[in-house]
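Engineer: Structure in C-alpha cells, see below.
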Amino acid sequence: MADTILVTGGAGYIGSHTTLALLEAGHEVVVLDNLCNSSLESLRRVERICGKAPLFVQGDIRDRAGLDALFAAHKIDAVLHFAGLKSVGQSVSQPLEYYENNVAGSVILAQAMAAAGVFQLVFSSSATVYGEPAQMPISEDVPTGTPTNPYGRSKLMVEELLQDLADSDPRWRIALLRYFNPVGAHTSGLIGEDPNGIPNNLLPYVSQVAIGTLKQVSVFGADYPTVDGTGVRDYIHVLDLADGHLKALQAISQRSGVSIWNLGTGVGYSVLQMIRAFEQASGRPVPYQVVDRRPGDIAECWADPTKAAQELGWKAERCLAQMMADTWRWQSGNPQGYAQ
Ligand code: NAD
Ligand code: UFG
C-alpha cells in the first residue's frame, strides 16, 4: 500500500519514529511541524536510517490557510496527528497555550481535512484520559475520568470533539490511540527523545543522570500501595508504538466511526525497578533520593492491551531490557540530543 500520509508533529519524538516506520512500509510521508519542540535533524537522521526522506513542510496546525495549501499541493489519504504540546507542568502555568495548540489546533486540522475530502485520522491520545482509574488493568471500556491537569483535559476534549464529529458525518474514520508511557529509541541510536531543558518524565531524567548531566533522580513518593512503594507505569517501546500506528491506519481504512485502542504492554514497572534496569543496561550508577509525592500522580497505571491485539493484530514485542538498552545507546551517542 503506497498511500500518502500527513504526519503532524512528525519531527518530534514519537512522530519521527512513526515517520520512519511509514517510510519503511512504503508510504509517502508529508511531515507538518512548526519545530516548537523538535529539530529538523531528527528527519535528516530518519533519512540516514532508511534512505528515504519525508517531504517536510514547516507550518502550524492552527494555520488554516497553510493547511489548505498543503492539502491542495498533496493528495493526502490519511492523517496521523501528533502535533501538540505535552508538558503537564507547563499546561498548568500556560493553559491557554495548551487549549489553543491541542484543542483549537485539532479543530482547525479537522476542518481543513473535511474541506479537502480527507476523513481518515489517527489521534495521539493518552492514558491520562482515564483519570484516577477505578480498576487495573485499564481496558477501553473503563469510562474516561477526570484528568488532573489542563494537558490531560485537552486530550479528553479532543477525543470528545472527534467523537461528535464522527457522529455527525459517517465519512469519518477515526482512531483514538491511548498511549501509556512511551520510552526507548530506534536501535540505530540515531533518533530518540530529546526533551527541552530538564526532563519531566522518568526515563529521560534517569538517562541524563546516568550520563552525568544531572546529579540524581528524585523519586516522587515511596509510600504508594505498590510493590515497593513507588509509582507503577506501563512503559512501552516507541518502536512498538510506531507499529501500532501503522496497524491502526490499516484498520480504519476498513471501519468507519471512532475506534479506541490502548497502546501499552499490559505490564507495570515501579520507579525503583526502572532505575535498577537502567543501571544494568548502562553499567552506570543512577543515584536517587526519595522525595514527596508529585501532585496529580496516581499510584499505578497499566493497560489491558487485549482489544488492540484482537482488532489490530498488534502487541508490544519489546521487553524492558531492550527499552533501556536502546535509550542508553541514544543517550550515550547523543549526550546533547540533536544539538551538537
Ligand atoms: P514531541 O513534543 O516530541 O512532538 C510533538 C511535535 O509537534 C513537535 O515536533 C512539535 O514541534 C510539534 N508541534 C507542537 N505544536 C504544533 C503546532 N501547533 N503545529 C505544528 N506542529 C506542532 O512529543 P511526543 O512525545 O512525540 O508526543 C506526540 C504526541 O503524543 C503529542 O500529541 C502528545 O501529547 C502525545 N502523547 C505523548 C506521550 C509521551 O509521553 N511522550 C504520552 C501520551 C500522548
Ligand atoms: N517519577 C519520579 N521522578 C521523576 C519523574 C517521574 O519518581 O523525576 C515517577 C512518577 O511519579 C511516576 C513515574 O515516575 O510514578 C512516571 O512518571 P512520568 O512523568 O514519566 O510519566 P507519567 O505517568 O506521570 O505521565 C506520562 C506523560 C503524560 C501521559 C501519561 C500517560 O508525561 O503526558 O504518561 O500516557 F499522559
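The values are calculated or read from the model by the stated rules, or taken from the named source; none is laboratory data. Nothing here was measured: the structure is a model prediction, and the numbers come from that model. In this analysis, Cβ positions are derived from the backbone assuming ideal geometry, glycine residues included, and neighbour counts consider all displayed protein chains. Ligands, DNA and RNA are excluded from the accessible area calculation, which covers all protein heavy atoms including side chains. Shrake-Rupley method; radii C 1.70, N 1.55, O 1.52, S 1.80 Å.
Engineer: Is it the case that some residue within the stretch 125-136 is of a type in the set (S, T, N, Q) and assigned to a loop (DSSP other than H, G, I, E, B)?
Structural biologist: yes
Engineer: Among the residues of the stretch 129-174, write down those that are in contact (Cβ under 8 Å) with a residue 60 or more places away in the chain, touching a Lys or Arg at 6+ places or on another chain (Cβ under 9 Å) and away from ligand 2 (no atom under 16 Å from the Cβ).
Structural biologist: Residues satisfying the conditions are Ala166, Arg173.
Engineer: Could you pull out the residue among Leu156, Leu109, Leu85 that is within 30 Å of Tyr235 (Cβ to Cβ) and touching a His at 6+ places or on another chain (Cβ under 7 Å)? Outline the logic, then answer.
Structural biologist: On the way: Leu156 fails: touching a His at 6+ places or on another chain (Cβ under 7 Å); Leu85 fails: touching a His at 6+ places or on another chain (Cβ under 7 Å).
Result: Leu109 is the single residue among Leu156, Leu109, Leu85 that is within 30 Å of Tyr235 (Cβ to Cβ) and touching a His at 6+ places or on another chain (Cβ under 7 Å).
Engineer: If the requirement is being at pLDDT 95 or above, exposed (fewer than 14 other Cβ atoms within 10 Å of the Cβ), in a helix (DSSP H, G or I) and not aromatic (Phe, Trp, Tyr), which of these qualifies: Ala321, Ala277?
Structural biologist: Ala321
Engineer: Looking at the stretch 114-140 only, could you name the residues that are of a type in the set (Ser, Thr, Tyr), within 13 Å of Trp261 (Cβ to Cβ) and within 14 Å of ligand 1 (Cβ to nearest atom)?
Structural biologist: Ser124, Ser125, Ser126 - these are the residues of the stretch 114-140 that are of a type in the set (Ser, Thr, Tyr), within 13 Å of Trp261 (Cβ to Cβ) and within 14 Å of ligand 1 (Cβ to nearest atom).
Engineer: Does at least one position in the stretch 37-44 carry a residue that is open to solvent by 20 Å² or more (accessible area, probe 1.4 Å) and either basic (Lys, Arg) or more than 16 Å from ligand 1 (Cβ to nearest atom) (or both)?
Structural biologist: Within the stretch 37-44, one or more residues are open to solvent by 20 Å² or more (accessible area, probe 1.4 Å) and either basic (Lys, Arg) or more than 16 Å from ligand 1 (Cβ to nearest atom) (or both).
Engineer: Which of the strands (runs of 3 or more DSSP E) found entirely inside the stretch 141-227 contain at least 1 residues meeting this: within 15 Å of ligand 1 (Cβ to nearest atom)?
Structural biologist: The strands (runs of 3 or more DSSP E) meeting that bar are 173-179, 181-183.
Engineer: Would a scan of the stretch 283-294 turn up a residue that is under 19 Å from His245 (Cβ atoms) and assigned to a loop (DSSP other than H, G, I, E, B)? Spell out how you get there, then give the answer.
Structural biologist: Our first condition is that a residue be under 19 Å from His245 (Cβ atoms); within the stretch 283-294, this holds for none.
The answer is no, given that none of the residues of the stretch 283-294 is under 19 Å from His245 (Cβ atoms) and assigned to a loop (DSSP other than H, G, I, E, B).
Engineer: Additional query: Going by what's in this entry, would Asp292 be described as charged (D, E, K, R), open to solvent by 50 Å² or more (accessible area, probe 1.4 Å), modelled with pLDDT of 95 or more and over 24 Å from the mean Cα position of the chain (by Cα)?
Structural biologist: Here the answer is yes, as Asp292 does meet what is asked.
Engineer: Given (1) more than 22 Å from Trp330 (Cα to Cα); (2) out of contact with any Gly (no Cβ under 7 Å at 6 or more places or on another chain); (3) surrounded by 21 or more Cβ atoms within 10 Å (Cβ to Cβ), identify the lone condition not met by Leu263.
Structural biologist: Leu263 satisfies all of (1) more than 22 Å from Trp330 (Cα to Cα); (2) out of contact with any Gly (no Cβ under 7 Å at 6 or more places or on another chain); (3) surrounded by 21 or more Cβ atoms within 10 Å (Cβ to Cβ) except (2).
Engineer: Going by what's in this entry, would Thr226 be described as of a type outside the set (Gly, Ala, Ser), within 15 Å of ligand 2 (Cβ to nearest atom) and open to solvent by 60 Å² or more (accessible area, probe 1.4 Å)?
Structural biologist: no
Listed here are the residues, each with its yes/no results for (1) touching a Leu at 6+ places or on another chain (Cβ under 9 Å); (2) of a type in the set (A, V, I, L, M).
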{"position": "Ala25", "(1), (2)": "yes, yes"}
{"position": "Val30", "(1), (2)": "yes, yes"}
{"position": "Glu41", "(1), (2)": "no, no"}
{"position": "Lys52", "(1), (2)": "yes, no"}
{"position": "Arg62", "(1), (2)": "yes, no"}
{"position": "Gly66", "(1), (2)": "yes, no"}
{"position": "Leu70", "(1), (2)": "yes, yes"}
{"position": "His74", "(1), (2)": "yes, no"}
